[in-house]
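The values are calculated or read from the model by the stated rules, or taken from the named source; none is laboratory data. From a predicted model like this one, the values you see are computed outputs, not experimental measurements. Counting neighbours? That spans all protein chains shown, and the Cβs are built from the backbone with ideal geometry, glycine included. Just so you know, the surface numbers come from the protein's heavy atoms only, side chains and all, with ligands and any DNA or RNA stripped out. Shrake-Rupley method; radii C 1.70, N 1.55, O 1.52, S 1.80 Å.
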Amino acid sequence: MKRYMLTFTVFFMIMCFPCGIFGSYSARIWAIHGVSSPSLNVFTVTDDGVILHYNGTSWIQMPSTNANRLEDVFAISATDVYAVGSKGTLLHYDGTSWSKINSGTTKNLYCVWADSSNNVFIGGDHVLLHYDGTSWSVNTTDPTDLSVFDIWGTGPNNVYAVGQYCGFNDWDKKVLHYNGSAWSIEKIASGSCGYVYGMWGSSATDIYAVGYDTGGFIIHGNGSSWTTDKSGLGYAPAAVWGTAASDVYVFADYGYYYHYNGTSWSAIDTGINLTYTAAWGSSSSNIYAVGINTSLSSEIVHYDGQKWSKMSTPTPTTTTSSSTTTTTAASTTTTTSAPAGNTAPTAAFSVNPTVGDTSTSFILEPFASSDAEDPIAALTVRIDWETDGTW
């Protein structure tokens, strides 16, 4: 799954990072997924509604009439792929073309997972959807008081949904579990609330949930109980993927990921400074990851078992311009007028939580600025929530 960011204008002179880095893509790529049999097919989606496809040789933009922001993509097979996004957007690819499906909701959809064509789950802004091969059903009642960021399972009777779940006087980390008939809430750790951004497992008794509160955390489940493997991590985990119980990858920021070899965790620098948002692979020597660089562009990178490298992506064309807002956990850059002789600057911040309203307390952590006079930690922010000139 994805780690969302917002970009705000800061009010002193800074220099912007140059765009056009090899392999960079101007829109934000939040998700990546694929299949390796009978041939390699990898898909990504962007916040301007574009869908990219990798056929093992090159990335191409797929024809689509969609203009809404896309958040996640999941490939059941090369001819059975789902993509979800803002305003209830639900798309399906049959191997020939993409088509729109009526999702039954206008809520923002953030994630999709399936174990077969007859068992598809979608999560979003306080909503869960399920497809049984015949029809879609929408669950907007408790316990879905949760913005669902990721879904993972082992089958139709064992599915987990993770995201942000915090109530008044209730700061425990929780996940939702589906047993085939109903959803229930499971506590996975005490205190600090936190946001669980990603989940993956090698089996029903080997499950990982990753995210961030006051520091990064990795929580492990054995099917009956949960324990915290790592907490207070300096790099903030956003996605988890693996090939086996002894080969697990947790992707974070500043170009780092954590790897578990079955015995211990180690932090590894990919050498490419990205805030990683998603990853997928067909083996430990064929891993794809996406992330946002310091220019606020997205990159697709590949690991061949020896080293990480950037992949070349096409120049995008969009159906229409799609707008984003702060309250839907989007990426946006605001600009304001600057004093005479000065240029209106920009800087990038990660935001926790990633969704909210006027009563929500947001924590902003700057991660990109080339200001020569002040450190990143000195950046201050004014926010025009309604774009009406009121700060």
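General observations
- For the listed residue pairs 174/230; 107/187; 230/307, the alpha carbons are over 23 angstrom apart in 107/187; 230/307.
- FRET efficiency for residue 55 and residue 184, using Cβ-Cβ distance with R0 set to 41 Å, rounded to 0.05: 0.50
- Ratio Rg/Rh [Cα only; Rh per Kirkwood] for segment 214-298: 0.97
- Those residues of segment 49-77 whose amide nitrogen sits under 16 Å from the label point placed on residue 99, 7 Å along Cα→Cβ: 64-66
- Using a probe radius of 1.4 angstrom, the carbon and sulfur fraction of the accessible surface of segment 98-138 is 41%.
- Computed on segment 148-255, with alpha-carbon pairs under 8 angstrom and 6+ residues apart, the relative contact order is 19 percent.
- Residues in segment 51-93 reached by a label modelled at residue 118 [backbone nitrogen below 17 Å; 7 Å Cα→Cβ]: 76-77
- Taking packing as the residue-averaged number of other Cβ atoms within 10 angstrom, the listed peptides 257-269, 125-137 run from highest to lowest as 125-137, 257-269.
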